[in-house]
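Data first, discussion second: the structure below is written as structure tokens.
The values are calculated or read from the model by the stated rules, or taken from the named source; none is laboratory data. Since this is a predicted model, take the numbers as computed values, not measurements. Note: areas computed on protein heavy atoms with side chains; ligands, DNA, RNA excluded. Shrake-Rupley method; radii C 1.70, N 1.55, O 1.52, S 1.80 Å.
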Amino acid sequence: MTVKPCYIRFFRQRLKISFHSPATIGLQKLLSFICVISQIEGSFFMSRINELIDDFKLNQEIQGRKKEYITGCMYRLHRWMEFTKEQLEIEEAEDVTSMHIKKYIQHCQSRGKEANITINGHIATIKVFFQTLVDEEYIDEKNNPMRRIKNLKEEKRVIITFNDEEVKRIINDLDEITYSNLRDKLILIMLFDTGIRVSELCNIKNDDVSRAHILIHGKGSKERLIYISKIMRRYMRKYEEAKQERFKHRLYDEIEDYYFLDQSAERLSRSRINKILKEHCKKAGVRKEVRCSPHDCRHYFAQKQLKNGIDVYSLSRLMGHFDTQITSKYLRGLEQHDILEIGKVYSPLNKVRI
């Protein structure tokens, strides 16, 4: 019986034995002997999936991944682990093959509750998990069951979002009397004017805001800058004055260091921002086909920027996308006449005298 190379590396590193040392050969023989006499190849030396998921979580925390990202990964990995254990009777990572992964994908499809884009999220997480196992030398690259697993084909939906009139009515639905009203109005302006994600907006801290731009802590711990337009700057001044007045009787350590605060001087939640938007969408009479979520404000921003002539690469930088293919999906929401108008504005011969 042979011992897997990763276990030899494990004990050699712990005992500080050189790879070419005679002790390494002796160690391999000793471990093989232990496996034979105690029959523990299937228990001690195999890597149980549940333990590796815990190790994966620890690695993500050490790397500074956001809590929401880790929570999502854990949900998807535990769902996969439960299926693998209950339906396939597999508990060890080394026993998982590409066929087992395909059966799990088929199981997700058979439930009929999830779109391909959601199932692709599960596939992506499992890929990251197994790649981590390869990097940590728990399994060899050739034994990675995710190597040849491809994403499912996603439906190319036309994104329907707000129009200019609806955006105008939503923002103007708020007066500028109270602290809450000024805060909510600035939040709506920022969502529509920058395409910022709602989680990113919640996490803006006071030190992230400068005169010309705001530092955003985006997905995957990636940072980027977003501009501050003239209208944003105007309402930021109003909000900051109201904020100072609202909490002037509070001690410094009683006020959280986030830019947007609730009435208790604590970080504003995602659910509260969702509620703010939905409330004013209803009052503004927004069309039913628009979901009225903060992500729809992001769609509006992307499509409006494209209509105004921005290139896809620059837009992807502003939106915090890692790949321009993600950004290019917003082109599907543009009407044909919009595309033609952009083409006319940027015609190659516009500034050529003929």
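Given 25 °C and 0.890 mPa s, compute D for segment 113-174 with the Stokes-Einstein relation, Rh being the Kirkwood radius over Cα pairs; round to the nearest whole µm²/s.
Values: Rh = 15.2 Å.
It diffuses with D of about 161 µm²/s by this estimate.
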* Can you pull the semi-axes for segment 129-229, root of five times each eigenvalue of the Cα gyration tensor, sorted largest first, whole Å? -> 41, 21, 11
* To do: Give a residue-ordered list of calculated ³J(HN,Hα) values for segment 164-175 (Karplus: 6.51 cos²θ - 1.76 cosθ + 1.60, θ = phi - 60°; whole Hz; x for Gly, Pro).
  => 4, 5, 5, 4, 4, 5, 4, 5, 6, 5, 9, 7
* Read phi for every residue in segment 188-193 and hand back ³J(HN,Hα) as whole Hz from Karplus 6.51 cos²θ - 1.76 cosθ + 1.60, θ = phi - 60°, with x for Gly and Pro. => 5, 4, 5, 4, 6, 8
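Can you tell me the alpha carbon radius of gyration of segment 224-302 divided by the globular rule-of-thumb value 2.2 N^0.38 Å?
Values: Rg = 15.4 Å, N = 79, 2.2 N^0.38 = 11.6 Å.
It is 1.33.
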* Please list Lys307, Lys344 in order of solvent-accessible area, largest first, computed with a 1.4 Å probe with all protein chains present. => Lys344, Lys307
* Could you state the per residue volume, in Å³, of the convex hull enclosing the Cα atoms of segment 210-270? -> 112
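Over the Cα atoms of segment 44-169, what is the Rg over Rh ratio if Rh follows Kirkwood? Walk me through the intermediate numbers first.
Details: Rg = 17.5 Å, Rh = 16.2 Å.
Rg/Rh for segment 44-169 comes to 1.08.
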